[in-house]
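Asks: This is the structure I want to talk about, given as structure tokens.
The values are calculated or read from the model by the stated rules, or taken from the named source; none is laboratory data. Just so it is clear, the model here is predicted, and its values are computed rather than measured. Neighbour counts run over all protein chains shown; Cβ positions are idealised from the backbone, glycine included.
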Amino acid sequence: MNSSLVRYLPGTTPLVLDSPHSGTTYPPDFRFACDLSLLRTAEDTHVERLYDFAPGLGVAWIEALFPRSYLDVNRHPQEIDVEMLDGPWPGEQPDSATLAKVRLGKGLVWRCTDDGVPIYDRKLSVAEVQSRIERCWKPYHAHVAEAMDAAHARHGYAIHINCHSMPAVAGSHATDFPGLAHADFVVGDRDGSTAKAALSQLVCDHLRGLGYSVDYNHPYKGVELVRRHGDPARERHSLQLEVNRKLYMDERTLATHDGFEPLRASLRSLVEKLLSVDPRSL
């Protein structure tokens, strides 16, 4: 399933990387009402550049070119805030009160920024949300599934790293831990349900060995992409990897600083480590 809003580079190794939140192409139908500079703070800025070495190593790469505030592919397609819509959502109705990300305004389609600023001054039509799902969510997940299937078929296992960045300090509407000062990295595997624990520990240990502070499953455990594509019992391992933006960029100007290249080298070191590991032996 092809889309001009998703970049997919197939690989030859057991490793699959994806960046769902670094997109900067704002589609013309994204009629937002807040300042663009506020929306840009929602981007996982420069993550695609941090990992630009990966395809050259034979690693499959999937990248969302659209912004996460337009449609967040790291959500289930039923994680919809029905109060944002101008009509009833077809099929099973999500219970917004019980969906944590929807409650924060960060469902499939965002209601507000990380600091609680409303994104829209209008109701969204059901048709435009369905169109976003067709053009963005479905092709993105189809490519991740294709890459995972191909890696597993070639090697008997697949390792998926879901690549993100996080602010140095959590915003008021970003997570259930507003104001939290983040570690350098957060490794998430949904409490061991999407990757073998020994593999997750290997990633944590490698990053700590490089001198970074690392938290495990807090405050980010991983969301829809690792949940949907990780199945360690079938040797399909998915981990979410969050990197602190302070390590490589100025969060106010979005410009990279002198820490960018050292961090990129560290990430390459991690990727090369994973390429040398067979999780079946862990």
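Asks: Can we say residue 53 is closer than 23 Å to residue 167 by Cα, of a type outside the set (A, V, I, L, M), modelled with pLDDT of 95 or more and surrounded by fewer than 20 Cβ atoms within 10 Å (Cβ to Cβ)?
Replies: No: the conditions fail for residue 53.
Asks: Would you pick out the residues in segment 219-268 that are aromatic (Phe, Trp, Tyr) and under 30 Å from residue 149 (Cα atoms)?
Replies: Scanning segment 219-268 gives a single hit, 220.
Asks: Got at least one residue in segment 194-207 being closer than 29 Å to residue 89 by Cα and modelled with pLDDT of 95 or more?
Replies: No, there is no match, as no residue in segment 194-207 is closer than 29 Å to residue 89 by Cα and modelled with pLDDT of 95 or more.
Asks: Going by the conditions given, is residue 220 farther than 20 Å from residue 72 by Cα and of a type outside the set (S, T, N, Q)?
Replies: No.
Asks: Tell me the residue from 104, 71, 85, 108 that is more than 30 Å from residue 269 (Cβ to Cβ) and out of contact with any helix residue (DSSP H, G or I) (no Cβ under 9 Å at 6 or more places or on another chain), please.
Replies: Unique residue meeting the criteria: 104.
Asks: In segment 229-281, what residues are aliphatic (A, V, I, L, M) and either surrounded by 19 or more Cβ atoms within 10 Å (Cβ to Cβ) or within 29 Å of residue 142 (Cβ to Cβ) (or both)?
Replies: Residues satisfying the conditions are 233, 239, 241, 243, 249, 263, 267, 270, 271, 274, 275, 277.
Asks: Any idea how many residues of segment 253-282 are in a helix (DSSP H, G or I) and of a type in the set (Ser, Thr, Tyr)?
Replies: Residues in segment 253-282 being in a helix (DSSP H, G or I) and of a type in the set (Ser, Thr, Tyr): 3 in total.
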